1. Peptides 33-46, 92-105, 445-458, 130-143: what's the order by average Cβ count within 10 Å, highest mean first?
2. Restricting to bridges with both residues inside the chain, how much of the DSSP beta-bridge set is antiparallel, in percent to the nearest 5?
3. Over all Cα pairs of region 64-204, how is the pair count split among 10 Å bins, expressed in % and running from 0 up to the last occupied bin?
4. Just to compare against my own numbers: the Cα pair-distance distribution for region 1-40, 5 Å bins, whole % per bin, please.
5. Average projected area of the Cα convex hull of the chain, in nm²?
6. Please work out the ratio of the alpha-carbon Rg of region 84-145 to 2.2 N^0.38 Å and round it to two decimals.
7. For a label point 7 angstrom out from the Cα of ASP350 toward its Cβ, which stretches of region 422-441 have the backbone nitrogen within less than 18 Å?
8. What net charge is computed for the residues neighbouring SER181, neighbours being all others with C-beta under 14 Å from the C-beta of SER181, Lys and Arg scored +1, Asp and Glu -1?
Amino acid sequence: MPIYKAPLKDQQFVLHEVLGAVDELKQAPRYADLDEDTVNHVIEEAARFCEDVLLPTNMVGDEEGCTYDPATRSVKTPKGFKEAFDKFREAGWQGLAGETEYGGQGLPHLLQIIFYEMQYSTNQAWSMYPGLTIGAYECLLRHASEEQKNLYLPKLVSGQWTGTMCLTEPQCGTDLGMLRSRAVPQPDGSYKITGEKIFISSGEHDMAENIIHLVLARLPDAPAGTKGISLFVVPKFVPVGSGADAKVGARNGLYCAGLEEKMGIHGNATCQIVLDNATGWLVGEPNKGLNAMFVMMNGARLGVGVQGLGLTEVAYQNAAAYAQDRIQGRSLSGVKSPGTSADPIIVHPDVRRMLLTARAYAEGGRAFAYWVALMADLQLQDPDEEKRKFAADMMSLMTPIVKAFMTDNGYKCATECQQVYGGHGYIRQNGMEQFVRDARINMIYEGTNTIQSLDLLGRKVLMDNGAKLRSFGKLVTEFIEQYGTRTDMNEFITPLADIGDKVTKLTMELGMKAFANQEEAGAAAVDYMRIVGHLVYAYFWAKMAKVALDRIKADGDGVDPFYRHKLTTARFYFQRLLPETAFHIRTARSGAKNLMELPAEAF
Ligand SMILES: Cc1cc2nc3c(=O)[nH]c(=O)nc-3n(C[C@H](O)[C@H](O)[C@H](O)COP(=O)(O)OP(=O)(O)OC[C@H]3O[C@@H](n4cnc5c(N)ncnc54)[C@H](O)[C@@H]3O)c2cc1C
């Protein structure tokens, strides 16, 4: 069975030494009492839950999967899933970042993201049940009526009820304008909803007493396309009463008609959901459902990006341990283990390349994702309006990068770590092929990575005339100005400044091309995602290198090796991963013609 130890040291390094997160958060009245000890304690307890409770359920969940009983239309989750969720609920983990007025603990979302990372390392499929519940909670918190909030939020925050997001239909995936589910108003203010949803994660299961579906559907007089979509809350059991005392009542008219057989995340129930005159209630304004649902979708996009991080970390830990242990061949620079018939494969340069790739993407991704999570807290809670606006802009710009760049890296790293195992990585019992299979979905759901790339280049950069990108660029420039004269920072600052300039030039060039022909943006978007993703990682790697250099200087020979290793990994990132951008700049510049020229019938 795969091993996992939460990377507490690195998590705390990012939080306290790189981001100074507690000081930032303490500016907000809601987090005024927060301190580093509390934060560390929460993370350590969360780590214990993931290591002791979740990890043992991961391979079982993959092998057993969920089972559907057509007679009762019920779904049984794999062995240990329900028990793990009971423990999670009893410990109050579901409400970690939830509002105290609804029974949550009121802690920062940043801590939730850190917990997610560890959950996704130890059981991604399981973690999607509580993860979607948080998404439904956040969406209702921002858009539901007071009555709806009082009814649903205490149950969601406690984990007694779980949530789903129901967007996709057979004919409607990326293009939500094609959505067909219908909602007909009833005299009592409710709606009767009819339609078919597919691919609904956590859509039916045996882990909680009720499931609260957030469903997109059309009102009878709704305009066509995305402007005619409304959001409804549709519970599996219609609740009776309110608040923490609410009970489950009559079975509603929606059911799971089957489960998808799929490549990975077998422990998560991916359901076909039939709405057969189900009773639902409108959330927010009519025809503004997509806007409301974006709260859930954006939260889910951050969560999915962190799935990429979690899988990178666990795959890395296992591959690193294997490479120390497995002996094959001899080191090119002379025998390293004379007492054994071969050296451990960690001596081989290319094995190290694979391991360092995963390590550098994990540590860079961690710094980036935690910073974005900090922005999520600051955009809501910081007392300074300008800081709230900056944080909101960064969230908006970075959300597609978290989702796409981190999950592309996650899949790449899971595959590299599988490769470290040679043939043993292809064998089920070592668990590496599960990481590869699980990582693959993260590039697809929550808007494919192509769609995220189009969102980044089209909506977040070009439609905004580059304003948000320039705000981030200002952070980069300030950092360069501050440390650009330090010779020990040269090897990091020079390539960071270089990629910053290149992004500026490329963005202007693509903007002009796209103005004349929008297909130019479509043709360059995926390359552009990798280039801007690297700009962001280069910034965080340079910041981490600076902290490490300062510590090495201050502590001299007695320095904790952690900081030397951080610096070495930073060098690997700048010398071996960042140069990928040269390739992507070239392909992005090559234009749309080489993609669009071949007639469709010739494919
Ligand atoms: C395991 C799993 C769990 C899921 N969970 C949920 C869930 O909980 N709730 C939910 O509502 N949905 C869920 N989904 C659905 C998921 O979000 C969609 O599959 C995804 O958004 C893509 O839609 P699609 O599959 O219809 O692909 P399509 O939209 O048919 O896309 C096919 C291909 O065309 C590309 N493409 C489409 N449009 C464009 C465009 N305009 N420009 C460029 N390229 C384009 C896509 O990138 C993709 O490569 C889940 C799916 C899976 C497999």
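1. Numbers: 33-46: 14.9, 92-105: 19.5, 445-458: 21.7, 130-143: 24.1.
By packing density, highest mean first, the sequence is 130-143, 445-458, 92-105, 33-46.
2. Values: 35 of 43 bridges.
Of all bridge pairs located within the chain, approximately 80 percent are antiparallel.
3. 10, 33, 35, 20, 1
4. 6, 22, 24, 19, 12, 7, 5, 3, 1
5. Values: hull surface 119.1 nm².
Orientation-averaged projected area of the Cα hull: 29.8 nm².
6. Values: Rg = 11.6 Å, N = 62, 2.2 N^0.38 = 10.6 Å.
In units of the 2.2 N^0.38 Å rule of thumb, it is 1.10.
7. Label zone hits: 422-426.
8. Working: positive: ARG180, ARG182, LYS192, LYS197, ARG218; negative: GLU169, GLU196, ASP276.
It works out to a net charge of +2.
The values are calculated or read from the model by the stated rules, or taken from the named source; none is laboratory data. This one's a predicted model, so the numbers in the text were calculated from it and none came from an experiment. So basically every Cβ, Gly included, is an ideal-geometry build from the backbone, and we count neighbours across all protein chains shown. The protein model used for the area step is the full one, side chains on, heavy atoms only, and it has no ligands, DNA or RNA in it. Shrake-Rupley method; radii C 1.70, N 1.55, O 1.52, S 1.80 Å.
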